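One structure is given here, and the rest of the page talks about it.
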Amino acid sequence: MFSQPANEVWGSNDLKQIDWSREGRYLLLELRQADLGGEKTNNGPLVFDSFSNRIFHPDILKLFQSHFHQKCANDTVIDGFTYDDDIVLTATPLEPDPIYESQLLPACLAGRTKWAVNFRENDLRQLPDDYIPLRYSQFGDSR
């Protein structure tokens, strides 16, 4: 069982099911965290390995900063899995927010791009912009 309690920064959190991997080993979830006012949010992937009962929680911000060799950030949407069970993300530059603008890191990206995260190796690679992950399951309002 995964348990991440709310804290001073993130007053609430929840999980959204995204998809199962091709062979049903991994369950991809989105961890959503929000401050108590609901204005500032932090979303990231969690992967449950049903063979080992292990949870993977890759740090997407650190992966992008390591890839680009600078402190930067972007918005990401979790799209699903690649054929080889990596996480597919769509990344876009951060939208300016007047409330938190002074706290924003510069954007890592100039535009919308697709990425694959190998959560087992903590690795990030760019995908073709038109890459579409296959859907292996359907969960209600999944993308």
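The values are calculated or read from the model by the stated rules, or taken from the named source; none is laboratory data. What you see is a predicted model; the values in this text were computed from it and never measured. Cβ placement follows ideal geometry from the backbone for every residue including glycine, while neighbour counts extend to all protein chains displayed.
Descriptive notes on the structure:
- Of all residues in the stretch 41-62, those that are of a type in the set (Gly, Ala, Ser) and touching a strand residue (DSSP E or B) at 6+ places or on another chain (Cβ under 9 Å) total 2.
- Test: residue in the stretch 95-103 that is out of contact with any Phe, Trp or Tyr (no Cβ under 7 Å at 6 or more places or on another chain), hydrophobic (A, V, I, L, M, F, W, C), more than 18 Å from residue 23 (Cα to Cα) and at pLDDT below 95: yes
- Within the stretch 23-63, being part of a loop (DSSP other than H, G, I, E, B), surrounded by fewer than 16 Cβ atoms within 10 Å (Cβ to Cβ) and at pLDDT 90 or above holds for 23, 24, 25, 50, 51, 52, 53, 57, 59.
- Residue within the stretch 134-142 that is of a type in the set (Asp, Glu) and at pLDDT 90 or above present: no
- Whether a residue is of a type in the set (Ser, Thr, Tyr) and either under 12 Å from the mean Cα position of the chain (by Cα) or at pLDDT below 95 (or both) was assessed, and residue 3 passes this test.
- Residue check for residue 10: at pLDDT 70 or above, of a type outside the set (A, V, I, L, M) and within 21 Å of residue 76 (Cα to Cα): no
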